[in-house]
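Asks: This is the structure I have questions about; it appears just below.
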Amino acid sequence: MGSSGKDSSTMSSKDKAILLLRAALTKKALDPVLVRLEGLTSITDYFLLITGNSGKQVTAIAEAVLEDARKHKIERLSAEGLHQGNWALLDYGDVIVHIFRKPIREFYDLEGLWAEAPRVNLPQDIQEEIDLAAEPEEEEMDI
């Protein structure tokens, strides 16, 4: 995790969301979607939606995000579900991070609930990392 060179007080909401996503990706977070909610609700500017394969992974992703946020002095308002392993919610005010197990994410369907909200294109290096992680691994051939 390289520092963005910005202190959290001068960091935009979008920069904060990208920084928190980078932390999540260190724990192999899946299917990240950054939803811009500015002007659509007063509760937050962005939802960062992330999937983990297991309860342990959801917890590990949440802990990585919490640690990186602390390191960058990003103030957390609340945290819910950290040790249940199905869904963790980390509220940083202008960015709310939702980390789900896949069936829970599908059940709550926040992407559908906020279908009118624009999705943010992620920086190219992050998108490449996500795409690479999504590719099935090639099997080695026995000769």
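Asks: Pick from 41, 26, 10: which is of a type in the set (S, T, N, Q), under 22 Å from residue 124 (Cα atoms) and surrounded by fewer than 20 Cβ atoms within 10 Å (Cβ to Cβ)?
Replies: The conditions single out 26.
Asks: Return the pair list, or none, for Cβ contacts closer than 7 Å from residues in the stretch 47-67 that are free of Cβ contacts under 8 Å to residues at least 40 places away in the same chain to residues that are part of a helix (DSSP H, G or I), at least 6 apart or on different chains.
Replies: Pairs that qualify, where the first residue is free of Cβ contacts under 8 Å to residues at least 40 places away in the same chain and the partner is part of a helix (DSSP H, G or I), are 61/24.
Computed from the coordinates by the stated procedures, all read-outs in this text should not be read as laboratory data. On a predicted model such as this, the values are computed, not experimentally measured, just so you know. FYI the Cβ positions are ideal-geometry reconstructions off the backbone, even for glycines, and counts take in every protein chain you see.
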